[in-house]
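Presented below is the structure to which this report refers.
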Amino acid sequence: MNIEQQIEKLREQINQHNHQYYVLDDPLIPDAEYDRLFHQLQSLEKANPQLVTADSPTQRVGGKPLEAFGKITHQVPMLSLANAFSSEELRDFDRRVREKLNVEIVSYAVEPKLDGLAVTLMYENGRLVYGATRGDGTTGEEITGNLKTIPSIPLKLYGSVHPAILEVRGEVYMPKKGFEEFNRNAAAHGEKTFVNPRNAAAGSLRQLDPGVTAKRPLDIYIYALGQVDQGALPDNHTDVLHQLQEWGLKHSPLLDCVQGVEALQAYYEKIAGLRSALPYEIDGVVYKVNDYTQQAIMGFVSRAPRWAIAHKFPAQEELTTLEDIQIQVGRTGALTPVARLAPVFVGGVTVTNATLHNMDEIERKDVRIGDSVIVRRAGDVIPEVVGPVLAKRSTDTEKFVMPDSCPVCGSSVEKMPDEAVYRCTGGLYCAAQRKAAIRHFASRRAMDIDGLGDKIVDQLIERELIKTPADLYRLDLQSLAGLERMGEKSAANLIQALSDSRQTTFARFLFALGIREVGEATAVSLANHFITLGALFEASASEETLMAVPDIGPVVASRIKHFLQEPHNREVINQLISDDIKIHWPDPEKPALQPFSGLIFVLTGTLQGMARNEAKQQIQSLGGKVAGSVSAKTSYVIAGDKSGSKLDKAMALKIPVLDEAELLQILKNPLSLSDIQR
Ligand code: IVH
């Protein structure tokens, strides 16, 4: 391609993007990409001035106004701003200004650069007569009805003395919060969402029906004057904005006036630091020579004033290729699709991965593997794929299909009809879910394995000493003693606690399995209804038989079915009740006497006639609980020889204390316990 053809191609591209952006409110590419094309055309034309034509996009601003709105001719053209992307470009700007003005140091008005839509408001004798968009800079669309719906635009100015003709310009924007709410709502109703708050603001102002605009949370900051007649205003920008604010036309609260280029740089950094906390989107800061006489000396180039510049932040949206979509399995078994991207510099860092949230998002956005996609990274937020650039889609892109088995453990994947997420049903078996599954299994209300804290579980999993809860019962002293923060004594205690935990109840065992939606109450219902594990296994083949249990609806039934029908889970359960491990619970046919139910015992000191563990098992078989420490909830403390601090604490809390003889007595004749007063 020769230079002339290159220039022509760029112009065609830019015109198309202008049309998409300004006329259709539906940009195909991120701003940064557009800026690059524009910049490329500008430099080619600069190097070849003989090729510049009057209809080149560099010679005008924006695109054609929409036909449906009335047209307004701007008496004072609505200009754009030149951009600086680095501190070098900023220094060049300041140097040009100082040289032209022949001064040492310049006073600048400084403001954030809002990311919304530029509008002009015409006030005659203090009343709003019309409002319009920028359009092509000379002719815009009349959108008075829509602008009037924005509460922060005064229909009548405050005060009594204003210029007879007062035209002001500003940026209409949609605050981040309102934007998110709007999109959430639109998505919930299956309606079109906006890719960013700027498009949302533009789209809202382009509504033919002001009733629609009125429902959108829009706001405005005023940042410039247009036509002014018959009336005096201050002679510099900041004073004018303060005056306008008194009349009800608000400017950015971050407006300031500073001297010299170092202060400009400092302002840039300050605002960059505030950016993510601001309630609206900004994409840079704007510096303007403050003094109007000095502005007039500087004058204009075709597209922008020479007395102002926009210092842009690194782009937060960029274009790249979606190379693959992979699945990450979280600790709750949720399968999250993650985009693998061709590396791209966005929001100040190189991004290679971005979240796609879930399958619904992928379908709603219609992203496919191989697509050119817009990637967004704002502040510290996790990078995300905004959407594909359909105009760039080639024929060999591939739709993503959610796998039907877990990429980590191979267990089947389920999706509840009322949920967006897909989940691995591997539960106890899936490496991604192991830590969470084991922690739950060992917890106090489940298998109650004393001494198996989170830190120990983490180490056991990380060192691959265990994979499933069944492996817990195969641990020996030697492997436990090798762990951090685990002495021989605590290792021995843990082995003992594991052994103790094998005596449990059917309900606790079911709860310990960690089936989603099966809490303690549901576990008790299941245990009471099915009585045996065999019966439950059999019933789990169909949701209907499960729903015969009181309080179990279709969602819970489906969860139980998936879990118990998953072969990996069956295998772990069978191991737990096998002869090797022997987790067991009282035979339900002849319900055991539970006279101690609701009581909490604490054992302390050495018992002469029986092992402490034996005492514990006997208490538990009578329905009592044995706790490790004394608290106000403790019912009785059993004190053997050499009882220490637990006994002291029991005394202090006035908790009844039994000796070994009394223990033996109540174990033999549980009802005699009521003779001992609390
Ligand atoms: S001054 C003659 N100040 O940025 C100067 N513009 O890229 C006119 N913008 O069309 C613009 N915040 O839509 C100015 N504080 C600010 C601004 C601002 C956002 C927008 C405005 C303008 C565009 C230029």
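Can you give me the long-range amide H partners of residue 453? Hydrogens built in the peptide plane at 1.01 Å from N, cutoff under 5 Å, separation of 5 or more residues or another chain.
For residue 453, whose amide H was placed from the backbone, there are no distant partners under 5 Å.
In square nanometres, what is the average projected area of the Cα convex hull of the range 628-677?
Answer in nm², one decimal: 3.6.
Name the residue from 342, 615, 472 whose Cα lies farthest towards the positive end of the charge dipole of the chain, charges +1 on Cβ of Lys and Arg and -1 on Cβ of Asp and Glu.
615
Output the relative contact order of the chain, whole-number percent, from Cα pairs under 8 angstrom with separation of 6+ residues. Provide the component values of the computation, followed by the final result.
Numbers: 1205 pairs, mean separation 59.1, N = 678.
In percent, rounded to a whole number, it is 9.
When the helices in the chain are scored as -39500 (n - 2.57) per DSSP H run of 4 or longer and the sum is shared across all residues, what 222 nm value do you end up with, to the nearest 500 deg cm²/dmol? Show your work: numbers first, answer last.
Numbers: 25 runs with 239 residues, N = 678.
Calculated from helices alone, the mean residue ellipticity at 222 nm is -10000 deg cm²/dmol.
Apply the Karplus curve 6.51 cos²θ - 1.76 cosθ + 1.60, θ = phi - 60°, to the phi angles in the range 70-82 and return the couplings in whole Hz, x for Gly and Pro.
Along the range 70-82, the couplings run x, 10, 10, 8, 7, 5, 9, x, 8, 8, 9, 10, 6 Hz.
If a/c stays under 1.5 just call it rounded; otherwise compare a/b with b/c (prolate if a/b is bigger, oblate if not). Do that for the range 121-168, with a ≥ b ≥ c from the square roots of the Cα gyration tensor eigenvalues.
On the way: a/c = 2.93, a/b = 1.49, b/c = 1.96.
Here the range 121-168 falls in the oblate category.
Out of the trypsin sites (Lys or Arg not before Pro) in the range 384-471, which ones are loop residues according to DSSP with at most 15 other C-beta atoms within 10 Å? Mind showing how you got there, number by number?
On the way: sites: 392, 393, 399, 415, 423, 434, 435, 439, 444, 445, 455, 463, 467; in loops: 393, 399, 444, 445, 463, 467.
The qualifying sites are 393, 399, 444, 445, 463.
Each residue of the range 465-473 in turn: what ³J(HN,Hα) in whole Hz from Karplus with 6.51, -1.76, 1.60 and θ = phi - 60°, glycine and Pro shown as x?
For the range 465-473, the Karplus-derived couplings read 7, 9, 10, 10, x, 4, 5, 4, 7 Hz, x marking Gly and Pro.
Residue 1: accessible area at probe 1.4 Å, nearest 10 Å²?
Rounded to the nearest 10, that gives 150 Å².
Please go through the range 222-322 and write out the trypsin sites (Lys or Arg not before Pro) that DSSP classes as loop and that have at most 12 other C-beta atoms within 10 Å. Numbers along the way, then the final one.
Values: sites: 250, 270, 275, 288, 303, 306, 312; in loops: 250, 303, 306.
Hits after loop and neighbour filter: nothing returned.
Any idea what the alpha-carbon Rg over 2.2 N^0.38 Å comes to for the range 296-336? Please list the in-between numbers first.
Numbers: Rg = 23.2 Å, N = 41, 2.2 N^0.38 = 9.0 Å.
After normalising by residue count via 2.2 N^0.38 Å, the value is 2.57.
About the Cα centre, and with charges only on the beta carbon of Lys, Arg (+1) and Asp, Glu (-1), how big is the dipole of the range 477-599? Nearest 20 debye, please. Intermediate values should be presented prior to the final figure.
Working: 10 positive and 15 negative charges, 54 e Å.
For this selection, approximately 260 debye.
Size of the dipole of the chain about the Cα centre, Lys and Arg at +1 and Asp and Glu at -1 on the beta carbon, nothing else charged, in debye to 20?
On the way: 74 positive and 87 negative charges, 225 e Å.
Roughly 1080 debye for the chain.
Hey, what's the chain come to in accessible area per residue, 1.4 Å probe, Å²?
Values: 32610 Å² over 678 residues.
Per-residue value: 48 Å².
Let me cross-check residue 456: its accessible surface, 1.4 Å probe, with only protein heavy atoms counted, in Å² to the nearest 10?
Rounded to the nearest 10, that gives 20 Å².
Quick check: convex hull over the Cα atoms of the range 54-189, volume per residue in Å³, rounded to an integer?
Values: hull volume 28.8 nm³, N = 136.
Per residue, the Cα convex hull of the range 54-189 comes to 212 Å³.
Show me the three semi-axes of the equivalent ellipsoid for the range 456-545, from the C-alpha gyration tensor (sqrt of 5 times each eigenvalue), largest first, rounded to whole Å. Kindly include the intermediate steps, with their values, before the conclusion.
Numbers: eigenvalues 214, 38, 23 Å².
Value: 33, 14, 11 Å, ordered largest first.
Can you sort 641, 324 by 1.4 Å-probe accessible area, starting with the largest?
Details: 641 80, 324 55 Å².
These residues rank, largest area first, as 641, 324.
Divide the volume of the convex hull of the Cα atoms of the range 310-407 by its number of residues and quote the answer in cubic angstrom per residue.
Working: hull volume 10.9 nm³, N = 98.
Dividing the Cα hull volume of the range 310-407 by its residues yields 111 Å³.
From the phi of every residue in the range 326-336, what ³J(HN,Hα) in whole Hz does the Karplus formula 6.51 cos²θ - 1.76 cosθ + 1.60 yield, where θ is phi - 60° and glycine or proline is x?
Using θ = phi - 60°, the values come out as 10, 9, 10, 9, x, 6, 9, x, 5, 9, 10 Hz.
For a 18 Å ceiling on Cα separation, which of these pairs sit above it: 582/625; 270/312; 215/365; 156/250? Kindly include the intermediate steps, with their values, before the conclusion.
Values: 582/625 20 Å; 270/312 13 Å; 215/365 25 Å; 156/250 14 Å.
Violating the 18 Å Cα-Cα cut-off are 582/625; 215/365.
As I understand it, the value is the acute angle between the Cα axis of helix 3-18 and the longest principal axis of the Cα atoms of the chain; what does it come to in degrees, rounded to 10?
Relative to the chain, helix 3-18 is tipped by roughly 60 degrees.
Return the unpartnered cysteines for the chain, using a Cβ-Cβ cut-off of under 4.7 Å.
Lone cysteines by the Cβ rule: 257.
The range 143-208 to the range 383-455: how many Å between their Cα centroids?
Centre-to-centre distance over Cα atoms comes out at 41 Å.
Working with all protein chains in place, sort 662, 171 by solvent-accessible area computed with a 1.4 Å probe, largest first. Let's see the in-between values first.
Numbers: 662 65, 171 20 Å².
The ranking, largest first, comes out as 662, 171.
Would you mind checking which residues have amide H under 5 Å from residue 248's amide H? H placed 1.01 Å from N; only 5 or more apart, or other chain.
Counting only residues 5 or more places away or on other chains, the set is 158.
One quarter of the convex hull surface, Cα atoms only: what value does that give for the chain in nm²?
Values: hull surface 172.9 nm².
Projected area, direction-averaged: 43.2 nm².
Residue 636 accessible area, nearest 10 Å², 1.4 Å probe?
Spelled out: residue 636, probe radius 1.4 Å, area about 10 Å².
Between residue 626 and residues 5 or more places away or on another chain, which pairs have amide H atoms under 5 Å apart, with H built 1.01 Å from N, and which residues are they?
Those lying under 5 Å, H to H, from residue 626 are 601.
Against the longest alpha carbon principal axis of the chain, how many degrees, from 0 to 90 and to the nearest 10, is the axis of helix 31-47 turned?
For 31-47 against the chain, the angle is about 30 degrees.
Tell me the angle of helix 612-621 to the major Cα principal axis of the chain, expressed in degrees between 0 and 90 and rounded to the nearest ten.
Approximately 80 degrees, to the nearest 10.
How large a share of the accessible area of the range 252-404, in percent, is made up of carbon and sulfur atoms when the probe is 1.4 Å and the other protein chains stay in place?
53 percent
The values are calculated or read from the model by the stated rules, or taken from the named source; none is laboratory data. As the structure is a prediction and not an experimental result, all values here were calculated from the model. So basically every Cβ, Gly included, is an ideal-geometry build from the backbone, and we count neighbours across all protein chains shown. Side chains included, ligands, DNA and RNA excluded: accessible areas come from the protein's heavy atoms. Shrake-Rupley method; radii C 1.70, N 1.55, O 1.52, S 1.80 Å.
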